[in-house]
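> One structure is given below, represented as structure tokens, and several questions about it will come after.
The values are calculated or read from the model by the stated rules, or taken from the named source; none is laboratory data. Predicted model, so just to flag it, every value in this text is computed and none were measured. FYI the Cβ positions are ideal-geometry reconstructions off the backbone, even for glycines, and counts take in every protein chain you see. Ligands, DNA and RNA are excluded from the accessible area calculation, which covers all protein heavy atoms including side chains. Shrake-Rupley method; radii C 1.70, N 1.55, O 1.52, S 1.80 Å.
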Amino acid sequence: MPVIEEIRAFHDELTGWRRDIHAHPELGFEEQRTSDLVAERLAGFGIEVHRGIGKTGIVGRLRIGNSPRAIGLRADMDCLPIIEANSFDYRSQNQGRMHACGHDGHTTMLLGAARYLARTRNFDGTVHFIFQPAEEGLGGADAMLADGLFDEFPCDAIFGMHNRPGLAVGKFQIRPGAMMAGGAFFDIAITGRGAHGARPESGVDPVLAASHIAAALQSIVSRNVRPVDTAVVSVTQIHAGDAYNVIPERAVLRGTARCFSKATMRLVEDRMRQIAEGVAAGFGASASLDFRATFPPLVNDPDETRFIADTAAELVGDDNVNRQAGFVMASEDFAAMLERVPGAYIQIGNGDGEGGCEVHNPGYDFNDAAIPYGAALFARLVERRLARMGG
Ligand SMILES: [Zn+2]
Ligand SMILES: [Zn+2]
């Protein structure tokens, strides 16, 4: 029987787990109940469970045979601080917490693969089931890496997936190389000299300097980044002053930058610093930049991209796998794991029908119909990569 049919046999149960996790969402590094549930299920399948890797992170290890080959499969477990707008009976029971990014579904798909693989045992090698906490900007991947994830659980290749609203269930999309943007946050502090609003000649106006800096920063993407590279520089906050008749001492600009390579990110940071300091100096003020690159760009290994796309094509047919998907400006912290171990990150269709709702929206819900596709893809990656020799 094809893997997906074997997994469909317990689709109802998986849907029940998914909805249970959906009803009990937990923020990053607080995934206590969720990780208890994951650990309990893995242990129930007879899989070795390791907890406390990146605080609430879990790794399940399943070793069959003697091959030294090892593969890592990763899902995320955290929710978002959003008030859920849905009214179905499994809506969030935790006020102000919501699984609005589908990590409840990702966790369930990996559990489904674990259950299938622990029972069928049709491979030779080691699978590491990596359940990561705190994907939504709190550094869960880094926390697992800092706790020795790949030292303790070495992997030859790692794979992950994210649901994609607007893409039909049963379809996948991916691109080799850089696929998702790296992200940085920045603060520019501008210092002038306070004065009476009616006597500007006696001070140095940081508001005027900040305005020119905000405008000049827009030249980085248009004049410094190569047109074939993609980058975003957005100033999203300007703060200064409290009174109508006071020129303040200080102003602050804040915002975000997104790029698809570390080299571009360095270029953006360097130009931002030169512009901020240079423009401020031109007005007699001073400026300092604090630039924090929080997510690296997500870069898919070309060979592993082909491998996961071929595996997906085996499940759903080549017509349902887009191997040249567009760039995604959002960031994803699985990128940090992909910097250490080659692998690939694929998008799985969450449905393109009516009511299809973007992630991070209060009306979003993971589509349970996608579960067997994701679970079967994870399982087949293992069976193909760790195929029995001569067996
Ligand atoms: Zn998200
Ligand atoms: Zn997500």
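> Of the residues that make up the range 299-321, is at least one touching a residue at least 12 places away in the same chain (Cβ under 8 Å) and over 30 Å from the mean Cα position of the chain (by Cα)? Please lay out each step first, then the result.
First pass over the range 299-321, keeping only residues touching a residue at least 12 places away in the same chain (Cβ under 8 Å): 299-309, 311-312, 314-316, 320-321.
Remaining after also requiring over 30 Å from the mean Cα position of the chain (by Cα): none.
Within the range 299-321 (the criterion being touching a residue at least 12 places away in the same chain (Cβ under 8 Å) and over 30 Å from the mean Cα position of the chain (by Cα)), the answer is no, since none of the residues qualifies.
> Can you find, within the range 147-164, the residue that is most open to solvent (accessible area, probe 1.4 Å) among those that are closer than 13 Å to ASN300 by Cβ and within 16 Å of ligand 2 (Cβ to nearest atom)? Outline the logic, then answer.
In the first step, residues of the range 147-164 are kept if they are closer than 13 Å to ASN300 by Cβ; the result is 157-162.
Cutting the leftovers down to within 16 Å of ligand 2 (Cβ to nearest atom) gives us 159-162.
Working: PHE159: 0, GLY160: 1, MET161: 6, HIS162: 24 Å².
So the residue we want is HIS162.
> Another question, then. Hey, which of the strands (runs of 3 or more DSSP E) in the range 33-88, taking only ones fully inside, have at least 2 residues that are within 16 Å of ligand 2 (Cβ to nearest atom)? Don't jump to the end; show me each part of the working.
On the way: elements: 48-51, 58-64, 70-76.
In the range 33-88, 70-76 are the strands (runs of 3 or more DSSP E) which contain 2 or more residues that are within 16 Å of ligand 2 (Cβ to nearest atom).
> Here are the criteria: (1) closer than 29 Å to LEU73 by Cβ; (2) in contact with a helix residue (DSSP H, G or I) (Cβ under 9 Å, 6 or more places away or on another chain); (3) open to solvent by 10 Å² or more (accessible area, probe 1.4 Å). Tell me which single one LEU167 does not satisfy.
Of the numbered conditions (1) closer than 29 Å to LEU73 by Cβ; (2) in contact with a helix residue (DSSP H, G or I) (Cβ under 9 Å, 6 or more places away or on another chain); (3) open to solvent by 10 Å² or more (accessible area, probe 1.4 Å), the odd one out for LEU167 is (2).
> OK, next. Test of understanding: among PHE378, PHE366, which residue is within 16 Å of ligand 1 (Cβ to nearest atom) and modelled with pLDDT of 95 or more?
PHE366
> Exactly one of these conditions fails for ARG91: (1) within 15 Å of ARG18 (Cβ to Cβ); (2) open to solvent by 30 Å² or more (accessible area, probe 1.4 Å); (3) under 21 Å from the mean Cα position of the chain (by Cα). Give me its number.
The one condition ARG91 does not meet is (3).
> Further question on the same structure: On the given criteria, is ALA209 more than 30 Å from PHE334 (Cβ to Cβ), touching a strand residue (DSSP E or B) at 6+ places or on another chain (Cβ under 6 Å) and either among the acidic types (Asp, Glu) or touching a residue at least 24 places away in the same chain (Cβ under 8 Å) (or both)? Break it down into steps so the answer makes sense when it comes.
Details: more than 30 Å from PHE334 (Cβ to Cβ): yes; touching a strand residue (DSSP E or B) at 6+ places or on another chain (Cβ under 6 Å): yes; either among the acidic types (Asp, Glu) or touching a residue at least 24 places away in the same chain (Cβ under 8 Å) (or both): yes.
Yes; evaluated as a whole, the condition is true for this residue.
> Hey, does the range 266-286 have a residue that's surrounded by fewer than 16 Cβ atoms within 10 Å (Cβ to Cβ) and on the phi > 0 side of the Ramachandran plot?
Checking the range 266-286: at least one residue is surrounded by fewer than 16 Cβ atoms within 10 Å (Cβ to Cβ) and on the phi > 0 side of the Ramachandran plot.
> Shifting gears a bit: Specify the residue that is nearest to ligand 2 (Cβ to nearest atom); the eligible residues are those in the range 125-146 that are assigned to a loop (DSSP other than H, G, I, E, B) and open to solvent by 30 Å² or more (accessible area, probe 1.4 Å).
Of the range 125-146, the ones assigned to a loop (DSSP other than H, G, I, E, B) are 133-139.
Going one step further and asking which of them are open to solvent by 30 Å² or more (accessible area, probe 1.4 Å), we end up with 136-138.
Values: GLU136: 7, GLY137: 10, LEU138: 12 Å.
Among them, the one singled out is GLU136.
> On to the next question. For the range 248-361, list the helices (runs of 4 or more DSSP H) that sit wholly inside it and hold at least 1 residues that are within 16 Å of ligand 1 (Cβ to nearest atom) and more than 19 Å from VAL221 (Cα to Cα); which are they?
Because the criterion is at least 1 residues that are within 16 Å of ligand 1 (Cβ to nearest atom) and more than 19 Å from VAL221 (Cα to Cα), the helices (runs of 4 or more DSSP H) in the range 248-361 that meet it are 334-338.
> Next up: Being in a loop (DSSP other than H, G, I, E, B) and either within 16 Å of ligand 1 (Cβ to nearest atom) or closer than 12 Å to GLU26 by Cα (or both) is the filter here; which residues of the range 89-124 pass it?
Listed by number, the residues that qualify are SER92, GLN93, ASN94, GLN95, GLY96, ARG97, HIS99, ALA100, CYS101, GLY102.
> Could you tell me which numbered condition GLY54 fails, if it satisfies all but one of (1) on the phi > 0 side of the Ramachandran plot; (2) open to solvent by 50 Å² or more (accessible area, probe 1.4 Å)?
Here GLY54 clears every test but (2).
> I would also like to ask the following. Could you figure out which of (1) surrounded by 15 or more Cβ atoms within 10 Å (Cβ to Cβ); (2) at pLDDT below 95 isn't true of GLU84?
Exception for GLU84: condition (2).
> Open to solvent by less than 50 Å² (accessible area, probe 1.4 Å) and either within 16 Å of ligand 2 (Cβ to nearest atom) or in contact with a His (Cβ under 6 Å, 6 or more places away or on another chain) (or both): which single residue out of ASP368, ASP333 fits that description?
Numbers: ASP368 fails: either within 16 Å of ligand 2 (Cβ to nearest atom) or in contact with a His (Cβ under 6 Å, 6 or more places away or on another chain) (or both).
Unique residue meeting the criteria: ASP333.
> Open to solvent by less than 20 Å² (accessible area, probe 1.4 Å) and among the hydroxyl-bearing types (Ser, Thr, Tyr) - does that describe any residue in the range 302-313?
yes
> Output the residue which, of all residues in the range 173-206 that are assigned to a helix (DSSP H, G or I) and touching a residue at least 12 places away in the same chain (Cβ under 8 Å), is nearest to ligand 2 (Cβ to nearest atom).
Checking each candidate, the answer is PRO206.
> Hey, another quick one. Have a look at GLY166, GLY140, GLY170 and point out the one that is touching a residue at least 12 places away in the same chain (Cβ under 8 Å), within 16 Å of ligand 1 (Cβ to nearest atom) and touching a Phe, Trp or Tyr at 6+ places or on another chain (Cβ under 8 Å).
On inspection, the qualifying residue turns out to be GLY140.
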